[in-house]
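Peer 1: Got a structure here, written out as structure tokens. Questions coming.
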Amino acid sequence: MIVMKFGGTSVEDAAAINRVAGIVKGRLDRAPVVVVSAMARVTDALLQIAHAARERRFEEASAGINELLERHLGVARELLDSFADASLIDEVEAATKALVAELENLVRSVATLGELTPRSQDAIVSFGERLSSRLVAAAFVARGMGAELVDSRDFIITDDRFTAATPDMAEIGIRAREVLKPLLAEHRVPVAQGFIGATKNGMTTTIGRGGSDYSAAMIGAAFDAEAIEIWTDVDGLMTADPRVVPAARRIRVISFAEASELSFFGAKVLHPSTVLPAVEKGIPVHIYNTRNPACEGTLIVAEPRASRNVIKSIAFKRNVTIVNVTSTRMLLAYGFLRTIFDVFERHETSVDVVTTSEVSVSMTLDDPDRLDAIKRDLSGIGDVTVEGEKAIVCVVGDNLKFTPGVAARLFKSIESTNVNMISQGASEINVTFVIDDAEVERVVRLLHDEFFADADSDVFA
């Protein structure tokens, strides 16, 4: 059994869904479970509709809903007209209209109250996956595949932290097997929604943007799947962003730990949490391109293949802010760091990179929304300064911590660049540093020239 997840660009229109159908049909002998995202740009459109409703701009929200209805109906007709009998087309159109009518009623309620709760927002954005999965399942049926639409809310069980719910892995394992195992036994192809779930009492939740990858991994873990396939619009993980480094190479194979570091520090090919259920079960994760299915993509495994290149990839994160806290009270004091990080926890703001000295702590944030409140609270602890327009560069490779000379080689190649912060040691597989945002592209190109001039062909394509 395998799990195949298709992202928004992979189901963005009729031509894309046709490609998906062909790819899945070629893997029927491996008992696939298919997980789909909303069509490209639909989740953003639903969020705009929700926000318009909150501000009581119902006409604007209604116009957005009508656009979504026409888009999905248009794709349905294009997908099914030449393949399916009229009854299937009528069934899909009726189901699509019923879902959109449900959405409109929910949006009308938000507009009437002028209040958008996290619970209501999750319910609204869930319609993206609910609509797209119906189209994909119908396309499979029309092409002679025994597909069955399932509702992920029946088995992706979460807590009630709406918009960023935490899945209950034990409950998901039980329920996923109950729902999906009978269909697989009948050689049917379950088509499920990514990103969405439900609380134990049936309230719709979402597991965060990009969570369709996570959904696929959780299903794979529940079945000890042979593999999890993430189908997207790129050939796989790269040695650097090809928009910045045109000579970037595709990584053939990479470890779970390396892929996770890359995803946290800027690589957008997969969701950071995707690897967690898979690594626990030793399930390989493949990244493939729906527009280039012949490409071997990137294989993510528990243990990395030996490579003569110590570096696997260079990632970066822009628009970063440094917060510095300085206080002589830190000297020989215990509990001081906890006091600082309690402030960030209170304001639900995550920190990426941390460096400390005897009397100061520097931290980077990529979400400055609550920065003013954070500064106020930190000012009671010490002197606070803020530096904006920074970028994090993360160099990832197996066993960097124990490879002599890597740091010297790295910083020698960018010796004309002012480095604000350096972090090495917390992880064996990365060296992270902070520079001015304006320097990031030049620095990434210099590093790529230094470390990938002679790339190991067994590891890099």
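The values are calculated or read from the model by the stated rules, or taken from the named source; none is laboratory data. Since the structure is predicted, the reported quantities are computational estimates derived from the model, not experimental observations. We place every Cβ from the backbone using ideal geometry, glycine too, and count neighbours over all the protein chains shown.
Peer 1: May I ask you to list the residues in the stretch 212-251 that are under 27 Å from Ala31 (Cβ atoms) and among the polar types (S, T, N, Q)?
Peer 2: Ser212, Ser215, Thr232, listed by residue number.
Peer 1: Determine which member of the set Thr199, Thr206, Thr290 is at pLDDT 95 or above, in the same structural domain as Thr43 (by TED's automatic domain parsing), touching a helix residue (DSSP H, G or I) at 6+ places or on another chain (Cβ under 8 Å) and closer than 24 Å to Val150 by Cβ.
Peer 2: None of the others qualify; the one that does is Thr206.
Peer 1: Further question on the same structure: Are there strands (runs of 3 or more DSSP E) fully within the stretch 343-437 with at least 3 residues that are of a type outside the set (A, V, I, L, M, F, W, C)? List them.
Peer 2: Values: elements: 354-356, 360-365, 383-396, 419-423, 430-436.
By residue number, 360-365, 383-396, 430-436.
Peer 1: Another question about this same structure. Note down all Cβ pairs under 7 Å where the first residue falls in the stretch 135-161 and is in contact (Cβ under 8 Å) with a residue 24 or more places away in the chain, the second is crowded, with 22+ Cβ neighbours inside 10 Å and part of a loop (DSSP other than H, G, I, E, B), and they're at least six residues apart or on different chains.
Peer 2: These pairs meet every condition: Thr158/Ala165; Thr158/Ile207; Asp159/Ala165.
Residues are listed down the side, and each one gets a yes or a no for (1) touching a Gly at 6+ places or on another chain (Cβ under 9 Å); (2) closer than 19 Å to Arg243 by Cβ; (3) of a type outside the set (Asp, Glu):
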| position | (1), (2), (3) |
| --- | --- |
| Cys394 | yes, yes, yes |
| Val406 | yes, no, yes |
| Lys412 | no, no, yes |
| Glu415 | no, no, no |
| Met421 | no, no, yes |
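Peer 1: Sticking with this one: Can you report the number of residues in the stretch 299-330 which are in a loop (DSSP other than H, G, I, E, B) and either over 22 Å from Thr239 (Cα atoms) or free of Cβ contacts under 8 Å to residues at least 40 places away in the same chain (or both)?
Peer 2: Residues that pass the stated criteria total 2.
Peer 1: May I ask you to list the residues in the stretch 74-108 that are of a type in the set (S, T, N, Q) and surrounded by 13 or more Cβ atoms within 10 Å (Cβ to Cβ)?
Peer 2: Step one: list which residues in the stretch 74-108 are of a type in the set (S, T, N, Q), which gives 82, 87, 96, 105.
Once the filter is applied, which keeps residues that are of a type in the set (S, T, N, Q) and surrounded by 13 or more Cβ atoms within 10 Å (Cβ to Cβ), the stretch 74-108 yields only Thr96.
Peer 1: Which ones in the stretch 333-354 are in contact (Cβ under 8 Å) with a residue 40 or more places away in the chain and among the polar types (S, T, N, Q)?
Peer 2: Thr339, the sole residue that qualifies.
Peer 1: Quick check on my filter: what residues within the stretch 222-237 are outside any loop (DSSP other than H, G, I, E, B) and either more than 19 Å from the chain's Cα centre (by Cα) or surrounded by fewer than 23 Cβ atoms within 10 Å (Cβ to Cβ) (or both)?
Peer 2: Hits for the stretch 222-237 are Ala222, Phe223, Ala227.
Peer 1: Please specify each residue of the stretch 340-382 satisfying the condition of being of a type outside the set (A, V, I, L, M, F, W, C), within 30 Å of the chain's Cα centre (by Cα) and under 20 Å from Val419 (Cα atoms).
Peer 2: Asp352, Thr355, Ser362, Thr364, Asp366
Peer 1: Do we find that Ala257 is aliphatic (A, V, I, L, M), touching a strand residue (DSSP E or B) at 6+ places or on another chain (Cβ under 6 Å) and either in contact (Cβ under 8 Å) with a residue 60 or more places away in the chain or crowded, with 18+ Cβ neighbours inside 10 Å (or both) in this structure? Quick ask: steps written out before the conclusion?
Peer 2: Working: aliphatic (A, V, I, L, M): yes; touching a strand residue (DSSP E or B) at 6+ places or on another chain (Cβ under 6 Å): no; either in contact (Cβ under 8 Å) with a residue 60 or more places away in the chain or crowded, with 18+ Cβ neighbours inside 10 Å (or both): yes.
For Ala257, the condition - aliphatic (A, V, I, L, M), touching a strand residue (DSSP E or B) at 6+ places or on another chain (Cβ under 6 Å) and either in contact (Cβ under 8 Å) with a residue 60 or more places away in the chain or crowded, with 18+ Cβ neighbours inside 10 Å (or both) - is not met.
Peer 1: Scan the stretch 103-117 for residues that are part of a helix (DSSP H, G or I) and more than 29 Å from the chain's Cα centre (by Cα) and report the count.
Peer 2: The first filter runs over the stretch 103-117 and keeps only residues part of a helix (DSSP H, G or I), leaving 103-113.
Filter once more, keeping what is more than 29 Å from the chain's Cα centre (by Cα): 105, 108-109, 111-113.
Number satisfying all stated conditions: 6.
Every residue, every condition in (1) under 30 Å from Ile300 (Cβ atoms); (2) in contact with a strand residue (DSSP E or B) (Cβ under 9 Å, 6 or more places away or on another chain); (3) β-branched (Val, Ile, Thr); (4) in contact (Cβ under 8 Å) with a residue 12 or more places away in the chain, yes or no:
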{"position": "Lys375", "(1), (2), (3), (4)": "no, yes, no, yes"}
{"position": "Gly380", "(1), (2), (3), (4)": "no, no, no, no"}
{"position": "Ala408", "(1), (2), (3), (4)": "yes, no, no, no"}
{"position": "Asn418", "(1), (2), (3), (4)": "no, yes, no, yes"}
{"position": "Ile422", "(1), (2), (3), (4)": "yes, yes, yes, yes"}
{"position": "Ala453", "(1), (2), (3), (4)": "yes, no, no, no"}
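Peer 1: Right, here's the next one. If you check Arg71, Arg56, Arg27, which single one turns out to be surrounded by 13 or more Cβ atoms within 10 Å (Cβ to Cβ) and at positive phi?
Peer 2: Every option except Arg56 fails the conditions.
Peer 1: Among residues belonging to the stretch 42-99 that are of a type in the set (Val, Ile, Thr) and under 24 Å from Thr9 (Cβ atoms), point out the one that is nearest to the chain's Cα centre (by Cα). Give the steps one after another, and end with the answer.
Peer 2: Initially, the stretch 42-99 is screened for residues of a type in the set (Val, Ile, Thr), giving 42-43, 49, 65, 75, 89, 92, 96.
Imposing the further condition that a residue be under 24 Å from Thr9 (Cβ atoms) reduces the set to 42-43, 49, 65, 75, 92, 96.
On the way: Val42: 16, Thr43: 14, Ile49: 22, Ile65: 25, Val75: 25, Val92: 29, Thr96: 27 Å.
Step by step, filter the stretch 42-99, then rank; the result is Thr43.
Peer 1: Working carefully through the options Val359, Val395, find the one that is of a type in the set (A, V, I, L, M, F, W, C) and farther than 30 Å from Arg305 by Cβ.
Peer 2: Details: Val395 fails: farther than 30 Å from Arg305 by Cβ.
Unique residue meeting the criteria: Val359.
Peer 1: Oh, and also: When you scan the stretch 403-422, how many residues do you find that are at pLDDT below 85 and farther than 14 Å from Ile311 by Cβ?
Peer 2: So the answer is 1.
Peer 1: Given the conditions (1) modelled with pLDDT of 85 or more; (2) in a helix (DSSP H, G or I); (3) within 23 Å of Met1 (Cα to Cα), report the number of the one that Glu258 does not fulfil.
Peer 2: (3)
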